[in-house]
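Peer 1: I have a structure I would like to understand better, so I am pasting it below and will then ask my questions one at a time.
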Amino acid sequence: MGALYTLYIQTEGHIQMQDITAEVQRLAGECGIASGICTLFLPHTTAGLLISENRDPYLAVDLTRAVHMLTGDESGYHNLEGNFAAHLASMLTGVSLTVPVEDGRLALGSWQSIYLMEFDGSRKRKVRVKFMEDL
C-alpha cells in the first residue's frame, strides 16, 4: 500500500535548477510513512530530476552552464520543435529518483537536496511522488 501525490512546480528560467526537497518532505509527513521509500517520476521529456549538493550557491550556475555546454545550441539539430538540446539534457539527468524514508523523513545526506531541472522553460511541471511503506 502506498500514497501517490502530484506536485506542480512552476519554473521561471529557460534552464533552471529548482530545489523541491521541502515539498517532497511535506508530502512524506502528510502520508504518515514511518519507513520505506519515496519514488519520484517526472512525466516530461524536456526536464529532469537529480540529487545534488544544497550548500554551494554557485553549483546551480555551474550546472546550468555545463548543461548548455554539453548540449550546445539548437542550430545543429533537426528537431521540429527546436528544443532538442532540452530533450538531450533530460536524457542525461533522467526523470526518476528513489529516496529512502526513515522515521518519517527523507534519508538524504546532510548536503543533499532533490532538484527539478528545467531545460525548456518557463513551464508548469508535474512531479509524481509515490511513497511505499516497509512491510
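The values are calculated or read from the model by the stated rules, or taken from the named source; none is laboratory data. Everything numeric in this text was worked out from a predicted model, so none of it was measured. Backbone-built Cβ (ideal geometry, glycine too); neighbour counts: all protein chains shown. Heads up: the accessible areas ignore ligands, DNA and RNA and are worked out on the full protein's heavy atoms, side chains in. Shrake-Rupley method; radii C 1.70, N 1.55, O 1.52, S 1.80 Å.
Peer 1: For the range 79-135, please list each of the strands (runs of 3 or more DSSP E) lying entirely inside it that holds at least 2 residues being closer than 16 Å to residue 54 by Cβ and touching a strand residue (DSSP E or B) at 6+ places or on another chain (Cβ under 9 Å).
Peer 2: Numbers: elements: 96-102, 112-118, 124-133.
Strands (runs of 3 or more DSSP E) meeting the threshold: 96-102, 112-118.
Peer 1: Within the range 81-94, does at least one residue satisfy the condition of being β-branched (Val, Ile, Thr), more than 17 Å from residue 8 (Cα to Cα) and open to solvent by 70 Å² or more (accessible area, probe 1.4 Å)? Can you show your working first?
Peer 2: Taking the range 81-94 first, the residues β-branched (Val, Ile, Thr) are 93.
Those left that are additionally more than 17 Å from residue 8 (Cα to Cα): 93.
In the following step, the residues that additionally are open to solvent by 70 Å² or more (accessible area, probe 1.4 Å) were identified as none.
No, the range 81-94 contains no residue that is β-branched (Val, Ile, Thr), more than 17 Å from residue 8 (Cα to Cα) and open to solvent by 70 Å² or more (accessible area, probe 1.4 Å).
Peer 1: Test residue 70 against the criterion of being hydrophobic (A, V, I, L, M, F, W, C), at pLDDT below 90 and either part of a loop (DSSP other than H, G, I, E, B) or surrounded by fewer than 17 Cβ atoms within 10 Å (Cβ to Cβ) (or both), and give yes or no. First the steps, then the outcome.
Peer 2: On the way: hydrophobic (A, V, I, L, M, F, W, C): yes; at pLDDT below 90: yes; either part of a loop (DSSP other than H, G, I, E, B) or surrounded by fewer than 17 Cβ atoms within 10 Å (Cβ to Cβ) (or both): yes.
So residue 70 fits the description; yes.
Peer 1: Looking at (1) among the hydroxyl-bearing types (Ser, Thr, Tyr); (2) within 22 Å of residue 19 (Cβ to Cβ); (3) surrounded by fewer than 20 Cβ atoms within 10 Å (Cβ to Cβ), which is the one condition that is false for residue 77?
Peer 2: Condition (2) is where residue 77 drops out.
Peer 1: Can you tell me how many residues in the range 28-67 are assigned to a helix (DSSP H, G or I), under 18 Å from residue 112 (Cα atoms) and touching a residue at least 60 places away in the same chain (Cβ under 8 Å)? Can you show your working first?
Peer 2: In the first step, residues of the range 28-67 are kept if they are assigned to a helix (DSSP H, G or I); the result is 28-31, 59-67.
Those still in the list that are under 18 Å from residue 112 (Cα atoms) too: 28, 59-64.
Remaining after also requiring touching a residue at least 60 places away in the same chain (Cβ under 8 Å): 28.
Total meeting the criteria: 1.
Peer 1: Between residues in the range 1-13 that are of a type in the set (Asp, Glu) and residues that are at pLDDT below 90 and surrounded by 13 or more Cβ atoms within 10 Å (Cβ to Cβ), which pairs lie under 9 Å by C-beta distance while being six or more apart or on different chains?
Peer 2: Here the result reads 12/121, each pair linking the range 1-13 to a residue that is at pLDDT below 90 and surrounded by 13 or more Cβ atoms within 10 Å (Cβ to Cβ).
Peer 1: Further question: Restricting attention to the range 96-107, which residues are free of Cβ contacts under 8 Å to residues at least 60 places away in the same chain and either open to solvent by less than 40 Å² (accessible area, probe 1.4 Å) or among the hydroxyl-bearing types (Ser, Thr, Tyr) (or both)?
Peer 2: In the first step, residues of the range 96-107 are kept if they are free of Cβ contacts under 8 Å to residues at least 60 places away in the same chain; the result is 96-97, 107.
The answer is 96, 97.
Peer 1: May I ask you to list the residues in the range 45-59 that are more than 11 Å from the chain's Cα centre (by Cα) and open to solvent by less than 60 Å² (accessible area, probe 1.4 Å)?
Peer 2: 46, 54, 59
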